[in-house]
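The values are calculated or read from the model by the stated rules, or taken from the named source; none is laboratory data. From a predicted model like this one, the values you see are computed outputs, not experimental measurements. Backbone-built Cβ (ideal geometry, glycine too); neighbour counts: all protein chains shown.
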């Protein structure tokens, strides 16, 4: 095949998305830290799926038009750093071919290189040994091959061969990958996309869709919150609904076995299926993991996640700004959008000035579109975005670029950083002055986290066993212990120094107030000048979040 048009490119996109979807769980498993938040595969899958959904019903043969649809879908659905970088790779690619009806090997190669340049520009401090390196190396190889190669199929085979070689080299560029014994997860995800492209070029269908029945009346997708519950009664906080459209590449479906496996993710489980589709409703703390499991059987469609603790809070407490779901238009001189996870943390953010809360964080990174929709319908003059997670910063910046009003992203990489930053906000100051003050606040905060290990590993010189509790100080693992209390004490001791004044402890769903009190009593005996504040954060994933200022 010497040329491809829009129809073929659409097939390549759908094939690449399906190939990635089927392997998203493996990409998740390549997370360097053994914490229960590996979501690179999930983020890339959801981002790529958003792009694929945008082109799926398009019939244009003009490849430039298909590229525009694909780029838009990726841009709006991008979540996590890997998803944003993926969207930028194909944003540059699509921009390069926007005027073309069909392209040959040379044009395809030039588009790949344009995508690499766009992606590198989008990253403030590009790190080699990541998805960027795999994209760059494979594009460079394409340029070499395109000098003599006219077959796009042969060109793609060469690109994939180099992408695999580049992926294998990532541990030599990032020592932490070599220490843990994995390759870069984002690069692995990109390789799966490229392999899907090749399958389409060869006519090997990864995704085969059977004719679907009319499922319009299959089951009502409306979820009604149980108002008789209290917030403390909600063990599993996220009402998660999705449908899976079966395909012949997914696992063989058995409703009883599927229901049994899905029950491990939470409670209030409802599974309804026919020959074509299964509808799932489950209350869970890990919606991303539940969806990833469902995706093993086919294509995810009609996904919805609602935070039930937040819904309960809104029912019981009417104070605070109206949510974007309401029909009443709200006016804000400056809307402060913050990403948060946990009922207690949400309330802390509201109490110090946040106007819009996006429920998300580890394992549930909001997409660019989610951030934009938060203020949709409101009268807003300025916007400040606090991502509060290093994997959400790029999506927040992408959303900021798409807004048509003055906006700023405060690159808070954690909940403690976000809280400290928001305390510096002044309603009387302008956007630029607030942005400067809030960014400066980030430099004076240390963030600590206590969570558990999901696998055996050795990292940062620390031997870690599965299910041990780990302390993480500003992204570096300080130790691991079978005792959560011991891990918390060790972490606090590593964070407090002679200049420390205030320590804030946010207790998660798996934390224990008595445990915290015992640790504080022991630490205060050695650091009587330090003041402690303790709040019930109710955050998932991390038993404790610590802030030392």
Any helices (runs of 4 or more DSSP H) falling wholly within region 303-381 and containing at least 2 residues that are at pLDDT 80 or above, touching a helix residue (DSSP H, G or I) at 6+ places or on another chain (Cβ under 7 Å) and surrounded by 21 or more Cβ atoms within 10 Å (Cβ to Cβ): 343-351, 368-373
Entirely in region 147-201, the helices (runs of 4 or more DSSP H) that have 2 or more residues that are touching a residue at least 12 places away in the same chain (Cβ under 8 Å), surrounded by 24 or more Cβ atoms within 10 Å (Cβ to Cβ) and within 23 Å of the chain's Cα centre (by Cα): 185-201
Selection from region 382-395 of residues that are part of a loop (DSSP other than H, G, I, E, B) and surrounded by fewer than 21 Cβ atoms within 10 Å (Cβ to Cβ): 390
Criterion: part of a strand (DSSP E or B) and modelled with pLDDT of 75 or more - qualifying residue of 271, 282: 282
Odd one out for residue 410, checked against (1) under 30 Å from residue 120 (Cα atoms); (2) without any contact (Cβ under 8 Å) to a residue 12 or more places away in the chain: (2)
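Looking at 92, 83, 73, which one is without any contact (Cβ under 8 Å) to a residue 24 or more places away in the chain and either under 29 Å from residue 449 (Cα atoms) or not assigned by TED's automatic domain parsing to the domain that holds residue 371 (or both)?
Exactly one residue qualifies, and that residue is 73.
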Residue within region 5-24 that is under 13 Å from residue 188 (Cα atoms) and assigned to a loop (DSSP other than H, G, I, E, B) present: yes
Per-region count, region 513-549, residues touching a residue at least 60 places away in the same chain (Cβ under 8 Å), touching a strand residue (DSSP E or B) at 6+ places or on another chain (Cβ under 7 Å) and assigned to a loop (DSSP other than H, G, I, E, B): 6
Residues being touching a helix residue (DSSP H, G or I) at 6+ places or on another chain (Cβ under 7 Å), closer than 25 Å to residue 365 by Cβ and at pLDDT below 85 - total across region 245-268: 1
Test: residue in region 91-102 that is in contact with a helix residue (DSSP H, G or I) (Cβ under 8 Å, 6 or more places away or on another chain), closer than 15 Å to residue 12 by Cα and surrounded by fewer than 23 Cβ atoms within 10 Å (Cβ to Cβ): yes
Test for residue 63: is it at pLDDT 90 or above, in contact with a strand residue (DSSP E or B) (Cβ under 7 Å, 6 or more places away or on another chain) and more than 17 Å from residue 298 (Cβ to Cβ): yes
Which numbered condition residue 398 misses (of (1) in contact with a strand residue (DSSP E or B) (Cβ under 9 Å, 6 or more places away or on another chain); (2) crowded, with 23+ Cβ neighbours inside 10 Å; (3) not in a loop (DSSP other than H, G, I, E, B)): (1)
Condition broken by residue 43, with the remaining ones in (1) part of a helix (DSSP H, G or I); (2) more than 24 Å from residue 248 (Cβ to Cβ); (3) touching a strand residue (DSSP E or B) at 6+ places or on another chain (Cβ under 9 Å) satisfied: (3)
Flag for residue 451 being farther than 22 Å from residue 347 by Cα, in contact (Cβ under 8 Å) with a residue 60 or more places away in the chain and either under 25 Å from the mean Cα position of the chain (by Cα) or assigned to a strand (DSSP E or B) (or both): yes
Hey, residue 141 in the same structural domain as residue 106 (by TED's automatic domain parsing), assigned to a helix (DSSP H, G or I) and either at pLDDT below 90 or surrounded by fewer than 16 Cβ atoms within 10 Å (Cβ to Cβ) (or both) or not: no
Region 479-498, residues that are surrounded by fewer than 20 Cβ atoms within 10 Å (Cβ to Cβ) and assigned to a strand (DSSP E or B): 481
Of all residues making up region 461-491, the number that are closer than 16 Å to residue 520 by Cβ and in contact with a strand residue (DSSP E or B) (Cβ under 6 Å, 6 or more places away or on another chain): 6
Breaking point among (1) over 22 Å from residue 537 (Cβ atoms); (2) at pLDDT 90 or above; (3) crowded, with 20+ Cβ neighbours inside 10 Å, for residue 457: (2)
